[in-house]
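The values are calculated or read from the model by the stated rules, or taken from the named source; none is laboratory data. Quick caveat: nothing in here was measured; it's all calculated off a predicted structure. Backbone-built Cβ (ideal geometry, glycine too); neighbour counts: all protein chains shown. When the accessible area is computed, the model is the full protein with side chains, heavy atoms only, and any ligands, DNA or RNA have been set aside. Shrake-Rupley method; radii C 1.70, N 1.55, O 1.52, S 1.80 Å.
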Amino acid sequence: MKNPMLEVVSLLLEKLLLLSNLRLFSWSAAPGEEQQQQPQPQQGKGNFYDIGSFLRGDVLEVPRTHLTHYGIYLGDNQVAHLMPDILLALTDDKLLTQPVVSNKRLILGVIVKVASIRVDTVEDFAYGANILVNHLDESLQKKALGNEEVARRAEKLLGMTSYSLLWNNCEHFVTYCRYGAPISPQADKFCENVKIIIRDQRSVLASAILGLASIVCLGLAPHTTLPAIFIPFCLWMAG
């Protein structure tokens, strides 16, 4: 049986991560704006994609303002990557879901936790940003599987999947394919930052003040008094 409190905490952490990284999604243009807004790769400016240098099974990494997006190169200018998409919950019409995921589709997909492991061209995957190749090998210091095995794992997972910023994102997908274990250093780092905030005694004081303010404004109803007492107490014990 799942612990309701753990589920609530997990949900809150995911929403905090989403809110703190909204600029990540600015690279996906809305439909009709893609040709106008998409940066064009230019040789000599770091945005020229030398497809011939990519090997089937390579991990392609696209740095963003706050987070990094990952995919598995399948060869022939094709990249498999995990992308949230609200349209997947609304229709199974491939003519609607196949085009590059727009900003609104992506954000709403994150909220409703629906995604797919899809295939796009290198250009659509990178959207004009620089691409790093197999950079996780150095940062994680893990032994990678053979490139063909990596690509086959990615191809087997193609299709719809659930999405979670903390437990099942694009980084979990590529690390499972390349190293055999789904991990996300980005999500781990965020959780560590949350722990630091929780351990700060000022968080206890702030939550206590907010709790008292809610009691004053909303009265002594159980749904206000219990959280007002329980949350500061848990933060105090955690600190």
Please identify the pairs in which a residue from the stretch 108-131 that is of a type outside the set (A, V, I, L, M, F, W, C) has its Cβ atom under 7 Å from the Cβ atom of a residue that is at pLDDT below 90 and not in a loop (DSSP other than H, G, I, E, B), counting only partners at least 6 apart or on another chain. LYS113/SER164; TYR127/TRP27; ASN130/PRO63
I'd like to verify a number: residues in the stretch 160-181 that are farther than 18 Å from ARG118 by Cβ and open to solvent by 70 Å² or more (accessible area, probe 1.4 Å), how many? 1
Subset of the stretch 121-139 [at pLDDT 90 or above, open to solvent by less than 20 Å² (accessible area, probe 1.4 Å) and within 21 Å of SER184 (Cβ to Cβ)]: PHE125
Within the bounds of the stretch 82-95, is there any residue that is in contact with a Cys (Cβ under 6 Å, 6 or more places away or on another chain), within 20 Å of PRO63 (Cα to Cα), in contact (Cβ under 8 Å) with a residue 60 or more places away in the chain and outside any helix (DSSP H, G or I)? yes
Subset of the stretch 90-104 (residues that are surrounded by 13 or more Cβ atoms within 10 Å (Cβ to Cβ) and farther than 18 Å from THR121 by Cβ): LEU90, LEU96, ASN103, LYS104
Quick one: LEU157 ticks every box in (1) open to solvent by 50 Å² or more (accessible area, probe 1.4 Å); (2) more than 30 Å from THR91 (Cβ to Cβ) bar one, so which box is it? (2)
